[in-house]
Amino acid sequence: AMLEPERGLSLTIARVVQRLQGSSLHAQLERQARVSLHKPEIKLDSLKEDIKDFLKTSGWEKKLQNAVYSELNVFPSPCHPAAPPEHIKEPLAYMRKAQGSWEKRILKSLNSMCTELNIPLAQKRPANEQKELLNKWNEMGTDEPDLSLFRPVYAPKDFLEVLMNLRNPNYENGEQPSFRNHLGLIQVPLKVKDIPELKEDFSELGLNIGQLGIDDSAQVPPEFFENEHVRVGQKVLAEQDSAAAQQYVRQGCPTALRADLWALILNISNQPEDVLYYEQLKSNVIQHNLLVDSLIYKDVKLTASNDDYYFVFEDYLYQVLLCFSRDTSVLEHFTYSSATPPKSYIQGKLGMEEYAVFYPPNVNYNSFILSVAPLCFLYHEPSKLYQIFREMYVRFFFRLHSISSHPSGIVSLCLLFETLLQTHLPQLFYHLREIGAQPLRISFKWMVRAFSGYLATDQLLLLWDRILGYNSLEILAVLAAAVFAFRAVNLMEVTSLAAAEAVLADLSTLKVMPLLQIFLFATVT
């Protein structure tokens, strides 16, 4: 249900006001306004205007703007007031149904693990265990518990199978006129962009625009662009304007400014109350033992110990993920996510709401780990690292693990990837399809993990700059298609899925920005 623009705007304003009213920013603004009453420049006859001016000159107005901008970036545009709440979550009924049955499957897998291993989903830790965990909080990686009985709840290929089986029930037996010629694995008719539309969306990546991550641009000598770009970046940081920072990072972030620019875009300032909140999550981890703790432990061990880049951050990974699994503020995002948080009760307290423990709706921690690890390069203070990850998750990463029709959702990304290949590299697409190496079977894991663990870290951060800059994950599908285009000559010679996988096994030498530029702006459309 679409709204006329004015009605939509007033609903948006009402919702943002409502969301900010309970926030600590609201309390701080009130406090500042009261303080200002004692200042000589505030006159009684022009009270309202004077207070406004004071909030403007003292920097509080900018903080309010950033908070509003942040709300607009995270929440979807408002539905019709008569629309039921599930439409805000996901407008297509068949998508909601598929997400529901996927969640049931995950929960069933968790519950059967509990039964098999005779472990509850949640229980209080004994006092001595609490003390021990507290003492080794900063070196959890030294522990070697036996986790051989725990198994991952699902692998990316299980999730891909579910997406391949999605169908829109309104179309009988593939009678989808415009869609009949789509020969990929994804068989749902969602609208995805073509190259001309992508060029327009990602215009700042054009060939004649300076970019960080491109060493030999013909237009601008890179060192000249870099020096100028750093200067502008420092100015953007001094201004403390989230919207300006978001526009700026579309051309890439200078390494020295990245941590601050990302925090500004995500509106994370690590206030005392944020640090306190993190400490509360930590104490929850120390008091309660959840089944997912063992799954997190196992995945961190597997991921970090097999990766030379990430193993140094092993302790950070435990801290962030264990806290994340206790964070109920993440539940807010379920009002606009197709997912619904599963609930479990502390052993022996079934059905008593105060003993309910919400389970993070996605227990594929392997993907989580890979989305926290790169952030460890930028943030070394646990509560700040935690907040940045949480914000990245509720803005972007959750879309890679839930079934929805959103343009940044994993279903749309898969379809966009397949459509780009089928349209612009038809010979390659048909060849791979003929030999049983459907391209999506190879690229799915890259997209679901936002390329983390596949690209070199400096390249990954340049890619994530653009995710933040465009507030969209579509660039993941474009990059996946660009990788196939780049290796097309070798791929045309393979005769099996295993051989195709071997050609694409190592992406660690790839340079992201030239690949994206060539694919978007030098492909003949």
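The values are calculated or read from the model by the stated rules, or taken from the named source; none is laboratory data. This one's a predicted model, so the numbers in the text were calculated from it and none came from an experiment. Cβ atoms come from the backbone with ideal geometry, glycine included; neighbour counts cover every protein chain shown. Keep in mind that these areas ignore ligands, DNA and RNA; they rest on the heavy atoms of the full protein, side chains included. Shrake-Rupley method; radii C 1.70, N 1.55, O 1.52, S 1.80 Å.
A few notes on this one:
- Think of a 1.4 Å ball rolled over the protein heavy atoms: the chain then has 47 Å² of accessible area per residue.
- Fraction of alpha-carbon pairs over 28 Å apart in segment 379-516 - percent: 19 percent
- Taking all protein chains as shown and a probe of 1.4 angstrom, residue 225 keeps an accessible surface of around 30 Å².
- About the Cα centre, charge dipole magnitude for the chain (Lys/Arg +1, Asp/Glu -1 at Cβ), debye: 1160 debye
- Residue 17 contributes about 70 Å² of solvent-accessible surface, heavy atoms of the protein only, 1.4 Å probe.
- In the chain, the calculated helix contribution to ellipticity at 222 nm averages -17500 deg cm²/dmol per residue, counting -39,500 (n - 2.57) for every DSSP H run with n ≥ 4.
- Projected label distance in nm at residue 381 and residue 6, using a 7 Å step from Cα toward the beta-carbon: 4.7 nm
- Average Cα contact separation per residue, the chain, under 8 Å, 6 or more apart, as relative contact order %: 19 percent
- Of the chymotrypsin sites (Phe, Trp or Tyr not before Pro) found in segment 35-75, no site is in coil according to DSSP while having at most 10 other Cβ atoms within 10 Å of its Cβ.
- Look at (i) 30.6, 102; (ii) 24.4, 82; (iii) 26.2, 94: the one that is Rg and Dmax of the Cα atoms in Å derived from this structure is (ii).
- Charge dipole of segment 3-74 (Cα centre as origin; +1 on each Lys and Arg Cβ, -1 on each Asp and Glu Cβ, all else neutral): 240 debye, rounded to the nearest 20.
- Cβ-based charge dipole, the chain, positive-most Cα from 238, 46, 469: 46
- Sequence-distant residues sharing a close amide H with residue 289 (under 5 Å, placed H): 123, 124, 125
- Working note: Karplus 6.51/-1.76/1.60 with θ = phi - 60° gives segment 51-68 the couplings 5, 4, 4, 4, 5, 5, 5, 8, x, 6, 4, 4, 4, 5, 4, 4, 5, 5 Hz, where Gly and Pro are set to x.
- Note on residue 234 and residue 108: the model spin-label points, each 7 Å out from Cα along the C-beta direction, lie 6.0 nm apart.
- Of the solvent-accessible surface of segment 366-525, computed with a 1.4 Å probe and all protein chains present, 56% belongs to carbon and sulfur.
- For segment 3-74, the relative contact order works out to 31 percent when only alpha carbon pairs closer than 8 Å and six or more residues apart are counted.
- By a 1.4 Å probe calculation restricted to protein chains, residue 232 has an accessible surface near 60 Å², given to the nearest 10.
- Cβ-derived FRET efficiency at R0 51 Å, residue 45 paired with residue 148, nearest 0.05: 0.10
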